[in-house]
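Note sheet for the following structure.
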C-alpha cells in the first residue's frame, strides 16, 4: 500500500494510504479510542480533500486503529473550554468535517471494528456504507446521559436510514447497540466476523473502484439528491443523468461544476 504521510505515523492523528484505486483513512488515536479533537477533525478533512483531488482514488474507506472506530468527541479537550470555544469545536465537527464528508462526491465506507459512539457514530453515518464487526462493533449516542445531545448530525442523519421512531429511540435512550441489532434496524449494511471485516470492506471497495469514476460520482449525486425530492425533481434529475452521460467529456465537466457548487 502507498502511504501519504511523510512524518512518523506515531505523531499523526489520522493516517492515509492508498491501495490501488481505494483510499484508506485511519483514525490514529488508539490510546483514547480515536476521540475527536479539532486537530484530528482538521486532519480528517485534509485527507478527504486530498482524496477528492486525487484522480487515482475512486472509493474511500474510513476506519480506526485499536479497539474503537471512534468513541466520539474528545471530552478531555472540551472539559475546560468556554462557550465560544465549544461553539467553534462544533463548527469544526459539524460543518468543516462531517458536512464535508456527507457531500463528498466519491463513495465512502465506514469500517466499524469496535466502538462508534457519539461523534464516532455520526462520522460513520456521514459515510455511504457501514460495515461492522460482529464481535466488537458497538453503536450509540451516549450524549443524553452527559446532559447534551448529538449535534454533529446525530439527530438528522439516522432519519433517512432507520426512520423517525428508531432515531428517537437511539438518541433519547442513549442505548448501546451491538452489530446484529444495528444490522436488523438498518443502521449498518454488512456484518462480518472481526478477522474478515477489513478484507471484506476492501473487497467491496475494489468492486466499486472498478467502475468508471464519472458514473460512480454521477450515480451518487443523483441518488442522494433524489431522497428528499418530489416526483418532478426526481424526473429532472434522471433526465440530467441521461444528458450528462450522453455528453461525454462535456458531461463530466458539467458534473464537476455541480459538485463544486455543492461543496461551496
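Identify all residues within segment 147-169 that are without any contact (Cβ under 8 Å) to a residue 24 or more places away in the chain, assigned to a loop (DSSP other than H, G, I, E, B) and over 20 Å from residue 129 (Cβ atoms); write none if there are none. Spell out how you get there, then give the answer.
Keep residues of segment 147-169 that are without any contact (Cβ under 8 Å) to a residue 24 or more places away in the chain, which gives 147-149, 155-156, 159, 163-169.
Imposing the further condition that a residue be assigned to a loop (DSSP other than H, G, I, E, B) reduces the set to 147-149, 155-156.
Scanning segment 147-169 gives 147, 148, 149, 155.
Give segment 20-35 a look and list any residue that's more than 14 Å from the chain's Cα centre (by Cα) and on the phi < 0 side of the Ramachandran plot, or say none. Give the derivation first.
Applying the first criterion (more than 14 Å from the chain's Cα centre (by Cα)) to segment 20-35 yields 20-22, 28-35.
Hits for segment 20-35 are 21, 22, 28, 29, 30, 31, 32, 35.
For residue 219, the test of being without any contact (Cβ under 8 Å) to a residue 24 or more places away in the chain, under 20 Å from the mean Cα position of the chain (by Cα), surrounded by 13 or more Cβ atoms within 10 Å (Cβ to Cβ) and on the phi > 0 side of the Ramachandran plot is failed. Residues in segment 116-165 that are closer than 15 Å to residue 186 by Cβ and either assigned by TED's automatic domain parsing to the domain that holds residue 224 or surrounded by fewer than 16 Cβ atoms within 10 Å (Cβ to Cβ) (or both) were compared, and the one that is farthest from the chain's Cα centre (by Cα) is 165.
Tally time: how many residues in segment 172-196 are touching a helix residue (DSSP H, G or I) at 6+ places or on another chain (Cβ under 7 Å) and in a helix (DSSP H, G or I)? Matching residues across segment 172-196 total 1. The test for being within 16 Å of residue 130 (Cβ to Cβ) and assigned to a helix (DSSP H, G or I) holds for residue 101. All told, residue 168 falls short of being closer than 24 Å to residue 125 by Cα, buried (at least 16 other Cβ atoms within 10 Å of the Cβ) and assigned by TED's automatic domain parsing to the domain that holds residue 141. On the stretch given as segment 239-253, residues that are in a helix (DSSP H, G or I) and at pLDDT below 85 total 4.
Within the group 89, 48, 98, which residue is more than 12 Å from the chain's Cα centre (by Cα) and either in contact (Cβ under 8 Å) with a residue 60 or more places away in the chain or surrounded by 18 or more Cβ atoms within 10 Å (Cβ to Cβ) (or both)? Reasoning before the result, please.
Working: 48 fails: more than 12 Å from the chain's Cα centre (by Cα); 98 fails: more than 12 Å from the chain's Cα centre (by Cα).
Within the list 89, 48, 98, the selection yields 89.
Check 199, 206 and return the single one that is surrounded by fewer than 17 Cβ atoms within 10 Å (Cβ to Cβ), touching a strand residue (DSSP E or B) at 6+ places or on another chain (Cβ under 8 Å) and either in the same structural domain as residue 248 (by TED's automatic domain parsing) or in a helix (DSSP H, G or I) (or both).
Being surrounded by fewer than 17 Cβ atoms within 10 Å (Cβ to Cβ), touching a strand residue (DSSP E or B) at 6+ places or on another chain (Cβ under 8 Å) and either in the same structural domain as residue 248 (by TED's automatic domain parsing) or in a helix (DSSP H, G or I) (or both) holds for just one of 199, 206, which is 206.
The values are calculated or read from the model by the stated rules, or taken from the named source; none is laboratory data. Fair warning: this is a prediction, and the values are worked out from it, not measured in the lab. Positions of Cβ are backbone-derived with ideal geometry, glycine not excepted, and every protein chain shown enters the neighbour counts.
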